[in-house]
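Structure first, then comments.
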Amino acid sequence: MNKRIKKKREKNRINEYAELLRGVEVSTEEPVSEEIFAEEAVLEEAEEPVELALEAAEIEEILLEDLRKKNAKDLDYANEDEAIKIKKNRHRAQNCILFIGVGLTMLAMMIYGFAEAWFGPYTFDIALDRPVFVSFLLGEIDIPELETEQESEVDYALELMAEEEMSSEEGTSLEESEATEPETTEEEGPIISDKLAAEYLEYYGEVPFTIGDDVITHYVSWNDNKSHSMYYTSPGVRAVSSVYDYKQVDESYFDNSVIIGDSRIEGLHEYSGWSNATFLYKRGLTVYAMMSKEVQLDRSRRSTVLQTLSERQFENVYIMVGINELGGGTDEKFAEQYRENIEKIRELQPNARIIIMSIMFETREYSDSKPVYNNDNVNAKNVAIAKLANGEDIFYLDVNPCIADPETGVMPESYSFDGVHMKAQYYTYWVDYMYAHGY
């Protein structure tokens, strides 16, 4: 550093001497001797180290000041970065606490639900499409009334007294017995043939009856459980197939038929062998999206129900939906949407028969484990849509008898792999049943 300053000062001094020499006038005086110049040069050389030391100190002070400023600025930057990091870490900690809290809450609800489902007095519908905490929040819980030992003894005593009173009587009157059964009508309705009556007896164990002013829809008894869901009510009866003089048909009968539905209709398409029938199906299809949603048209094409029914006229339109709606909407809402769909189909197919196929029952084991997706709910939906039939060009076809277990009246456990869908080899029973119920 000092060498550079020294060289610079020497250069400046030489320049100053050069300027002085150019500006000196010719003098008559005696020229200055070389000795004087030598003395001045010695003096300047003696003063130069002092000046250089002073200038070096000033420069060093300036450099130190710059260094201090730079260090201060770097420190500010470092402090700012540290503050940002601290702020980010604080946000991360807050978010982690929030997520941990939500996760622990959900985990606690799941553990509580499973514990109560297996060991407690509640029954939850545990499924992928309806998690246990959803069922909990919607109130889909069957809460049994817990009785104390004293209350149980009182009830038992009352039951004994009631039994003794009934046994002491000779019998109830005809009017009293009729009051305990569903109200039947005296109006003239469709005549049940001996053949159909025998079929009803075989399938249901009794001859169907009508209720109130409705002389079209026929019912048999249904001993359902207490309704424990907002999605359905307990009608107390079961709808049977529309009264009609059915005829035996073969595969060709379905050549000019269209069959619309969900995954169960997909199974019928796969295993019926009806190569000329038209199938419109989609897994998870519901009555609410049936007309507009894109569905599978046979194996290779896709279409919508509206488009297909607009392009071709059919003799028969079969419909089966409802298993996917058990947890979505009331019986009335379900039936009303079904009615609207039938009206749209009638506009597009003015001459076709419309056959409402019943929702197939589940297995007993599967049904008993579900507070919503159960056979009581299936039966309630079937009763609601059976009332849409008029017995003329709209019919209700109960397909459950074709696979019913004689003891339970529902799908046998061995017929299904999941409690809802039939195994492939049992679709032949459904096919034969439809062959026996041609129009």
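Laboratory data are not the source of any read-out in this text; all were calculated from the coordinates shown. The model shown is predicted, which means the values in this text are computed figures rather than measured ones. Here the Cβ is made from the backbone with ideal geometry for all residues, glycine too, and neighbour counts use every protein chain on show.
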Handout entry: Most to least packed among 343-356, 390-403 [average Cβ atoms within 10 Å]
Key = 390-403, 343-356
Fill in the blank from the handout: When S272, S221 are ranked with the fewest other C-beta atoms within 10 Å first, the list becomes S221, S272
Practice task
Name the residue farthest towards the positive end of the dipole of the range 346-439 from the options P350, I403, N375, assuming +1 on Cβ of Lys and Arg, -1 on Cβ of Asp and Glu, about the Cα centre.
Solution key: P350
Exercise for the section: Note down the net charge around E413, summing +1 for each Lys or Arg and -1 for each Asp or Glu among other residues with Cβ under 14 Å from its Cβ. Expected result: -4
Practice task
Rounded, prolate or oblate: pick one for the range 297-382, where a ≥ b ≥ c are the square roots of the eigenvalues of its C-alpha gyration tensor, a/c under 1.5 means rounded, and failing that, prolate if a/b is larger than b/c, else oblate.
Solution key: prolate
Problem - Share antiparallel - DSSP beta bridges, the range 194-435, percent rounded to 5 - result: 40
Practice task
Express in % the proportion of alpha carbon pairs of the range 194-435 at distances exceeding 27 Å.
Solution key: 31
Exercise for the section: Using only the Cα atoms of the range 388-439, each taken as one equal point scatterer with no solvent, compute I(q) by the Debye sum, divide by I(0), and report log10 of the ratio at q = 0.17, 0.22, 0.27, 0.30 Å⁻¹. Expected result: -0.61, -0.86, -1.05, -1.17
Fill in the blank from the handout: By the mean-Cβ-within-10 Å protection proxy, highest first, 259-267, 326-334 rank as 259-267, 326-334
Exercise for the section: Hand me the tally of lysine pairs in the range 194-435: alpha carbons under 24 angstrom apart, and the pair either on different chains or 8 or more positions apart. Expected result: 25
Handout entry: the range 243-321 and the range 389-434: distance between their alpha carbon centers, rounded to Å
Key = 17
